[in-house]
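Contents: one structure, followed by commentary.
Derivation of every value follows stated rules applied to the coordinates shown; laboratory data play no part. What you see is a predicted model; the values in this text were computed from it and never measured. Here Cβ is always computed from backbone atoms with ideal geometry, including for glycine, and neighbour counts include all displayed protein chains.
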Amino acid sequence: MKSHRVGGVLLPVSALPSLHGIGDFGPAATAFIDRLTKARQGIWQVLPLHPVGPDGSPYYAHSSFAGNPLLISPEALAESGLLTREECRQAELPVDQVRYSEAGDVRKLLFGRAVERVLKEGFREEIDDFSARNKEWLPDYALFCILKERYNGVPWTRWDQIYRRRNHASLREAEERYVAKIREIEVIQWLFARQWEVLRSHAGAGGILILGDMPIYPTHDSADVWAHQHLFCLDADGNPTDVAGVPPDYFSRTGQRWGNPLYRWEEHQNEGFSWWLSRMGRALSLYDLVRIDHFRGLSAYWAIPNEHRTAVKGRWLPAPGDALIDAIRKRYGSDNLIAEDLGVIDQPVRTLMERAQIPGMRVIQFAFGGDTDNPHLPFHHPENAVVYTGTHDNPPVKGWFMDDATPVERSYLNRYAGRDIGKDEVSDLFIRFAFSSVARYAVIPIQDLLNLGSDARMNRPGTEKGNWLWRLHRDWPMDKTAVSLREYTETYGRA
């Protein structure tokens, strides 16, 4: 990663305003990039762009490689002549929160028309080229989607054995039977890639790097696990023997049980980490910079027996992080990686990061709950780090201050600032802490730039409902926000 100081903004694509139920790659995304350029920013951080889970979580996707069709912009399809303006207008769903189901229904209708026109209008060669370049994952993903629909959405472990165990002849027969449906899925993925590449090129022209996110584990009910069962800790029926999570700590007496299947690391090593390298290559085709979520799991991971409903009786097991990172560095370098190193981090994890010079994270919201040794305090920040006021898992700073901060945290914050801090100035103060830090990269959630409270929170870890719904209001003050962001940026040398 480059050595100069850079500022940026965290905003999921889904949270952009749009006319079709969810933020997408349409006009609002282009306008947002233009405001970042005007504010002299260098980074736009987005959440994973993969298909989302039933609750909208981009961390429980049924593919680690595919793009989320909900992010395809109907307006951009109309602009390119693949939809009519009237078709686009009739499908409008102007709501203030994300509506995943309705947004999917709208696109299902529109995509049928767009795909038909794509196939009629001479794009076959481009689609064939796209499919050939993505042959490592696209055929398995397409067939997974088709079979999952055929089996009414149940997990792949409940399909007939010929498909569950991937009988070669049965899969070939299914590919021939569903050739038209497979082609439709290929076209939709091509449309996703086409729109995203236009948007990413626009960002690059304005000096904006896209920072994306890679969850460390895929979802069990995913094309990844179904297609590569030997790479995961599964029993003969395909169910996980051990699952991922984190042990009990100060914040949770039972820990966190995520439920993702764990890796059979010896199989990955035997194959030269080929699946991981394909996954990293795919990520770097979407993003300029990649944040590896739960990075500490590449050093040692908490393995929980699948039959246990909490994380209490897990155990630590070693992971071959050195060998994996060496393989990634050899293929792609490591200048484009960031480690999510929050939580309890031991020396082996630090050593792994230091060997590859991978920057970690510092979060200002975590700075005031301990003593003066707290690594999130600005005077402890290293240069090779990314500092945040908060992340997508935190409340906005104003909401934290009003609803979550303890008396100890408030007291220390006041002493640190040298005055009593009010609720309407705490967001500005935290942004200044972040931008004035010696950390090379400072990224601010859009909610903090707008001084919003807890009702603008994106996610509450450990809960399954009410997350991933927040969106920018259609009348959000773009120009005013860009002016204030530019002032922060120029004041603290991050332009």
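Here are some notes:
- Note on residue 180/residue 380: beta-carbon distance plugged into 1/(1 + (r/R0)^6) with R0 of 60 Å gives a FRET efficiency of 0.55.
- Under-18-angstrom lysine pairs by C-alpha in the chain, whenever the two are 8 or more apart or on separate chains: 7
- The convex hull drawn around the Cα atoms of the range 349-421, when projected onto a plane and averaged over every direction, covers 5.5 nm².
- In a reduced charge model with +1 at each Lys and Arg Cβ and -1 at each Asp and Glu Cβ, the chain shows a dipole moment near 240 debye about its Cα centre.
- Radius of gyration over Kirkwood radius for the range 41-128, both on Cα atoms: the Rg/Rh ratio is 1.00.
- Two-decimal Rg to Rh for the range 361-495 - Kirkwood Rh, Cα set: 0.95
- Burial ranking of peptide ranges 419-426, 225-232 (average Cβ count within 10 Å, highest at the top): 225-232, 419-426
- Dividing the mean sequence gap of close Cα pairs (under 8 Å, 6+ apart) by how many residues the range 105-225 holds gives a relative contact order of 31 percent.
- Extreme residue, positive dipole direction of the chain, given options 320, 418, 394 (C-beta unit charges): 418
- Restriction of the trypsin sites (Lys or Arg not before Pro) in the range 1-76 to DSSP coil positions whose beta-carbon has at most 13 other beta-carbons within 10 angstrom yields 2.
- Loop trypsin sites (Lys or Arg not before Pro), the range 284-325, which have at most 16 other Cβ atoms in a 10 Å radius of their Cβ (DSSP): 309, 313
- Compactness of the range 307-390 - radius of gyration and Dmax, Cα, Å: 15.4, 45
- Geometric extent, Cα atoms of the range 224-295 - Rg, Dmax (angstrom): 14.8, 40
- P(r) for the range 1-96, from all Cα pairs and a bin width of 5 Å, is 3, 12, 18, 20, 18, 16, 9, 3, 1, 0 %, short bins first.
- Given charges at beta-carbon only (K, R positive; D, E negative), |dipole| of the range 255-399 in Debye: 340
- Over the range 301-363, Cα pairs under 8 Å with separation of 6+ residues give a relative contact order of 27 percent.
- R0 of 22 Å, Cβ-Cβ distance residue 403-residue 309: FRET efficiency to nearest 0.05: 0.15
- Highest average first, the peptides 7-19, 121-133 ordered by how many other beta carbon atoms sit within 10 Å of their residues are 7-19, 121-133.
- Residues 242, 428, arranged from fewest to most other Cβ atoms within 10 angstrom of their Cβ, appear as 428, 242.
- Listed by Cβ neighbour count within 10 Å, with the fewest neighbours leading, 154, 52, 246, 483 appear as 154, 483, 246, 52.
- Taking each residue as 0.36 nm, the span from residue 152 to residue 254 lengthens on full extension beyond its C-alpha to C-alpha distance by 33.3 nm.
- Share of pairwise Cα-Cα distances greater than 13 Å in the range 17-69 is 66 percent (whole percent).
- Simple label model, 7 Å out from Cα along Cβ direction - residue 345 to residue 300, nm: 1.7
- Annotation: amide H-H contacts under 5 Å for residue 219 (H modelled 1.01 Å from N, sequence separation of 5 or more, or interchain): 61.
- Alpha-carbon Debye profile of the range 217-350, log10 I(q)/I(0) at 0.10, 0.20 Å⁻¹: -0.33, -1.32
- Pairs of Cα atoms nearer than 8 Å and 6+ residues apart set the relative contact order; for the chain it is 19 percent.
- By the count of other C-beta atoms within 10 Å, a proxy for reagent exposure, 391, 84 are ordered fewest to most as 84, 391.
- Two-site FRET efficiency, residue 173 against residue 108, from Cβ-Cβ distance with R₀ of 30 Å, rounded to 0.05: 0.70
- For the range 293-302, putting each phi into the Karplus relation 6.51 cos²θ - 1.76 cosθ + 1.60 with θ = phi - 60° gives couplings of 5, 6, 4, 4, x, 7, 9, 8, 10, 8 Hz, in residue order, rounded to whole numbers and with x for Gly and Pro.
- Net lengthening on full extension, residue 236/residue 270 (0.36 nm per residue, minus Cα-Cα): 10.1 nm
- Calculated SAXS-style log₁₀ I(q)/I(0) at q = 0.10, 0.11 Å⁻¹ - the chain, Debye, Cα scatterers: -0.80, -0.98
- Alpha-carbon centroid distance for the pair the range 359-415 / the range 102-120, whole angstrom: 45
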